[in-house]
Structures are given as C-alpha cells and as structure tokens.
Amino acid sequence: MPPREIVSLQLGSYANFVGAHFWNFQDEILGLTQGQDDSAACAAEMDLDVLNRVGESKQGGISCHPRVVILDLKGSSGSLALQRDGAAHNHAFLQSLADTPSVSTWGGATHSFVSDPVPQTAFLQSLYAEEEYEPDAGASLEDQMETEEEGEDVDAHDPMVQAAAGLEHQVEYWSDYLKAVLHHRSVYELPGLWQGVATFDGFGDGASVMGSQETGEEVADRVRHFAEECDHLQGFHVLSETRSGFGSTTEHLLTHLRDEFARRPIFLFDVAPPRAPSSTDQAAAPAPNPSLDTNHGESLISMAPEDVAQASTKRKWQLNSVLATAQLTQHADLYIPMNLSALAPALRPHISLRDDNAFHTSAMYASALDSATTAYRLHTFGCSQSSSGAPSVRAPPAQGRTSMHELARVLKSQGGPPLTSMSIAFPAPEVPWMKAVGSHGHRCAGEDERMQKRHAAAPDDSLALDLASSLVSLS
C-alpha cells in the first residue's frame with residue numbers, strides 16, 4: 001500500500017494561528033462527510049486519515065484528532081487547557097499547586113501565586129454548548145421557507161453565529177477559534193520562555209533551548225509517538241515562524257527528522273506576518289549601538305528612540321529571513337517561503353484584510369496551504385458514495401492525486417536548492433467535476449442547515465473557507 005499518513009509540526013505563535021485555521025478546514029470536511037447531499041460526495045474524496053488520528057467517538061460517530069506537534073512559548077495557548085474535558089482536571093491541578101508546599105523540608109509559611117485561567121471566547125463556549133442548533137423547533141417548513149423568501153436572516157438569532165461574528169475583535173490566542181480537538185501530547189510549551197517576557201526574536205535564540213537534553217528528547221518523543229502510530233508514514237508537514245527564535249528551533253527539529261526518518265519527505269512552509277512586529281510587541285531588548293547602525297545612510301543618533309528600536313527590529317527580522325533560507329534549505333525536500341504580498345497581490349484590493357490582525361492574515365495562508373496540499377490528501381483509490389450514503393474507497397482513482405515524494409520530485413530543480421514559490425488565485429476557474437457543487441468549494445449548494453450551524457465560522461474564517469477552493473500554484 002502506498003504511504004499515506006502525514007505528521008504535522010507547528011513552531012511559533014503565528015504558525016499556530018495559521019494552523020488553527022487549517023485544522024478548522026479539516027473539521028469542516030469531517031462535518032460535510034456526514035451530510036447526504038452533493039457536498040458529502042465532494043468531501044468524501046478527502047482521506048481524513050492522512051492528517052488525523054481517526055477513531056470512533058463515545059456516541060458512535062467519527063472522531064478526528066490532528067496528528068500534530070505544536071511548539072510555542074509559555075502562556076501562548078490561552079484557554080486550551082480548559083477546552084472539552086480539561087476544565088475539571090485543570091481546576092483540580094491548580095488547586096493542588098496551591099495546597100502543596102513547593103519544598104517539603106521547609107516548615108515555615110508558604111504562599112502560592114497562581115494566575116487565573118484564560119477564559120474561553122464566546123465562540124468556543126457556544127461551540128461546546130451547542131453541538132446542534134435548531135433555528136425554531138416549532139416552526140413548520142413552510143414558515144421557514146416563507147421567512148427566507150422575505151429576506152429575513154434565519155441565522156440572526158443563532159448564538160454560535162453571533163459569537164463567531166465577534167471573533168475579529170476578541171481573538172488574542174490561536175486557541176480562541178480552534179474547533180479541532182487536540183491530542184494531549186500535541187502541545188508543548190518551551191520551558192523558561194514566557195510570551196511577552198522573554199526575548200526570543202533572534203534566529204539563534206532557540207538553539208540553547210532545543211540543545212537542552214530534556215527539551216530535545218521531549219519534543220523528539222512526541223514526534224516519534226505520532227510517527228509510530230502510522231501504518232504507512234508518508235512524510236512531514238512543518239509550519240514554522242522562522243523569523244524569530246523558532247528559526248533555530250526548526251533547524252534542530254529538521255536535523256532530527258532527517259536523521260531518524262531519512263527517506264521521508266519534509267515540506268517546510270515558512271510563514272511570517274505581513275509586517276515586522278513592532279518593538280512594543282516584544283520583550284525589552286538591549287538598545288542598539290548607534291555608532292554601529294545606520295538606516296539607509298542616516299545615523300541612528302539623529303532618529304527618535306522609537307524609530308531606532310523599530311529599525312533595529314526590522315533589520316533583525318530581515319537577517320532572520322536570510323539565515324532561515326541558508327540553513328533550512330539543507331534539511332527540507334521542499335522549502336516554501338510564504339509571504340502575503342507575493343501570495344496574492346491581485347487579491348488584496350478586493351478583500352478587507354488588516355495586516356496587523358493575525359486572525360485575518362493567517363486565514364489567507366491557511367487557505368493556500370489547504371489547497372496546495374489537497375493532491376496528496378485524496379483517497380488512494382478515489383471515493384464514491386454507495387446507495388446508502390456510505391463512502392466506498394474502491395472507486396476509480398481520484399483525479400490529480402499524487403504523493404509528497406512525487407510532488408517534491410516534480411518541483412525540485414535538478415541539483416538546485418529545494419525552494420518553491422506559491423501563489424493563489426481567486427476565484428478559482430471552474431472545472432467539470434465542480435459544476436455540481438457550485439463555486440464555493442467547501443460550502444456547496446444544498447448543504448443542510450444543521451451542518452451550517454455546527455460548522456459556523458466568523459466572517460474572516462468564511463473568507464478563508466471560500467479561498468480554500470481557490471487555485472494555488474506551486475513552482
């Protein structure tokens with residue numbers, strides 16, 4: 001049987017913002033496969049086992065947990081510990097910390113200071129509280145159709161839709177809008193490094209952290225745990241924010257993957273915010289030496305202090321990018337640097353996108369990533385629906401299906417570096433087999449109301465969902 005499963009890795013806060021959108025797309029696909037219309041047949045072409053640990057839930061349905069290892073700084077995961085069944089356990093754990101002295105040999109008084117848990121957004125609260133939503137259980141079908149004909153918004157009173165609409169101004173952490181349920185070994189926060197406190201903006205800042213035997217082995221064990229679960233491991237997706245200390249963290253991890261899984265392809269997607277972070281967004285760092293720095297010929301001595309800090313941050317950001325390109329191309333089969341201005345230059349005038357909003361910009365990256373990886377996430381033998389609605393995987397081969405190995409072979413130049421460019425076009429040109437499902441890809445015409453409610457998303461996420469059906473080209 002050809003290789004199938006992929007292990008994903010996400011390194012850095014912005015990479016995790018992109019990843020949250022990406023896993024929400026996969027959750028949408030899972031929801032669509034449970035429908036009974038054309039959208040179910042469309043979604044059934046995707047092999048959920050490629051990216052997910054697929055099993056059976058307690059209710060007898062399909063459960064999917066992303067096969068992913070997530071690295072970030074401490075304090076960056078928000079309310080993740082409180083999601084699903086973790087709330088009671090987390091509360092008991094915090095209480096045990098408060099009741100147990102940290103040093104057993106100390107007989108004097110002790111005081112514990114524990115910060116309050118990060119609250120969930122209204123969207124997550126609504127998502128977990130309402131697995132299914134009925135607009136009006138007492139209204140007849142004729143009444144609902146008449147309401148739609150009159151132009152009244154049937155979603156106006158849906159708590160989940162209302163909560164999703166406010167995400168644009170509420171999102172602070174990547175977990176604030178993540179719908180997928182993560183495995184308990186997926187998230188690992190680097191020890192001793194707190195978001196907003198520790199300086200972690202230089203390419204080499206992560207080298208000492210990953211050089212620690214304890215940290216290095218812990219991350220390697222988590223990757224190995226997911227890799228050994230696979231029956232036919234296809235390769236690795238690495239989504240990384242390399243213009244920070246996670247650049248050297250990525251280099252360390254890619255070196256380990258190349259040593260332990262030498263024959264498995266590694267695709268590195270290098271994501272970065274559209275603009276360099278401002279100096280106020282980072283922890284305090286030593287002031288630059290004005291006698292050594294210049295800004296396009298202008299001495300930093302004549303610049304305002306805030307401009308000096310911003311210029312220094314921008315130069316460090318650019319230097320990190322150069323180091324990432326030089327170091328990481330040695331370990332990846334494909335290295336895809338993703339820049340928003342180059343990704344979709346013709347698209348920007350037609351959409352409302354805030355460059356300073358990670359929730360906005362990361363949706364664009366995730367849309368391109370979802371489309372670009374579709375070819376090797378299709379069923380090996382295609383997929384069609386039987387008369388009972390259940391998918392049959394022994395259909396004719398899916399058109400356009402390939403593997404990571406074959407895609408890397410086609411795109412990688414002979415003897416050159418494994419650099420690959422990516423661009424996105426929207427809307428995607430219509431292809432014959434898509435005519436039956438409309439122009440919005442994942443949101444096909446005729447999708448039943450229940451699945452629309454369960455998989456509601458914010459307006460910006462809706463943009464990403466539509467873009468997921470766009471045409472992505474790799475070269």
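Values in this text are rule-based calculations from the coordinates and carry no lab data. All of these numbers come straight from a predicted model, not from anything done at the bench. Cβ placement follows ideal geometry from the backbone for every residue including glycine, while neighbour counts extend to all protein chains displayed.
Within the shell of other residues whose beta carbon sits under 14 angstrom from the beta carbon of residue 214, the net charge comes to -3, with Lys and Arg scored +1 and Asp and Glu -1. Available extension along the chain between residue 341 and residue 194 is 49.9 nm, counting 0.36 nm per residue and deducting the alpha carbon span. Using a simple spin-label model with pseudo-atoms 7 Å out from Cα toward Cβ, residue 412 and residue 170 lie 4.5 nm apart. Taken along the Cα-to-beta-carbon direction at a fixed 7 Å, the label points for residue 259 and residue 185 span 2.0 nm. What is the distance in Å between the Cα centres of region 182-204 and region 9-41? That distance is 24 Å. Assuming R0 = 30 Å, what is the FRET efficiency of residue 314 and residue 116, from their Cβ-Cβ distance, to the nearest 0.05? Once the sixth-power term is evaluated, E becomes 0.25.
Cross-link pairs exceeding 30 Å in C-alpha to C-alpha distance, out of 58/179; 179/316; 74/179, comprise 179/316.
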